[in-house]
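Only the coordinates and a few stated rules stand behind these numbers; no lab work does. Here the structure is a predicted model, which is why all the values come from computation and not from measurement.
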Ligand SMILES: Nc1ncnc2c1ncn2[C@@H]1O[C@H](COP(=O)(O)OP(=O)(O)OP(=O)(O)O)[C@@H](O)[C@H]1O
Ligand SMILES: [Mg+2]
């Protein structure tokens, strides 16, 4: 039995100028411990909405179904409690935080998670040492740490910064929402490597992507096709190849 992440019949809506708009319509998904899964799906199918709902963004109202993570009712927890449990979301559009220093922001986040895990907090020196090892690994300039969070970062720099956060926070479960978009070929490899290097029995991930190429590097355990607020098909790496070759129509027809 999977007692890591189990989502059943999840329904969620958003307020669209006073009218509720249903986006997730009975979504079922299981990610076992230690596995990396991918979600592909047409624009507007609800992939980012799923990631926001799992991370606890408040604009979305869950109207049905459940999401259990490590035996806990994930949806009942505050966003910071979810983070403390080990859930991490890399945003499709990383938020800019003017006036907030990137290194301070990261250290605060890392220490909050360490406190929750009853680990010793990192002091300034320990943090810098740890973060410099990661920026080097990700081929990021240390200059990015001195700047305000994401302010003036290029598209690719923002995505690398998300991977930096992920590697520093060491989540149990990471959701990467199109972290590959806007990356040049070398950066794509670095991001994939960032994910692969965390692979292990204590790390699972959900990779949302439009590009089969990323999955060539990451080699997910399963690939799910999402459309109209549901998972409509699941399979192995061959699903991504079939999508690349033939598009979504074959799957959409099967559920029409
Ligand atoms: N605040 C909002 N108000 C109105 N509609 C919204 C809002 N947020 C999301 N939606 C709608 O919900 C649907 C799903 O959006 P979502 O961002 O989850 O799609 P997606 O699968 O991530 O798409 P993409 O591949 O383009 O990133 C879209 O039709 C979108 O316009
Ligand atoms: Mg999206």
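Quick notes on this one:
- Tilt relative to the chain, helix 102-116 - C-alpha long axis, 0 to 90 degrees, to 10: 70 degrees
- 25 °C / 0.890 mPa s Stokes-Einstein diffusion coefficient of the chain, Kirkwood radius on C-alpha pairs, µm²/s: 130 µm²/s
- Extension gain for the segment residue 210 to residue 101, taken as residue separation times 0.36 nm less the Cα-Cα distance, is 36.1 nm to one decimal.
- Pairwise centroid distance, computed over Cα atoms, of segment 138-172 with segment 33-88, Å: 22 Å
- For the chain, the longest principal axis of the Cα atoms and the long axis of helix 185-196 meet at an angle of about 90 degrees.
- Taken as Cα centroids, segment 89-109 and segment 216-255 sit 32 Å apart, rounded to the nearest whole angstrom.
- P(r) histogram, all alpha-carbon pairs of segment 127-171 included - 5 Å bins from 0, percent: 5, 23, 38, 25, 9, 1
- Cα long-axis angle, helix 237-246 against the chain (0 to 90 degrees, to the nearest 10): 70 degrees
- Here is how the number arises for the chain: DSSP H runs of 4 or more residues each give -39500 (n - 2.57), the sum is divided by the residue count, and the result at 222 nm is -11500 deg cm²/dmol.
- For segment 1-94, the Kirkwood hydrodynamic radius comes to 13.9 Å, computed from all pairs of different C-alpha atoms.
- Segment 1-135 - percent relative contact order, Cα under 8 Å, separation 6 or more: 23 percent
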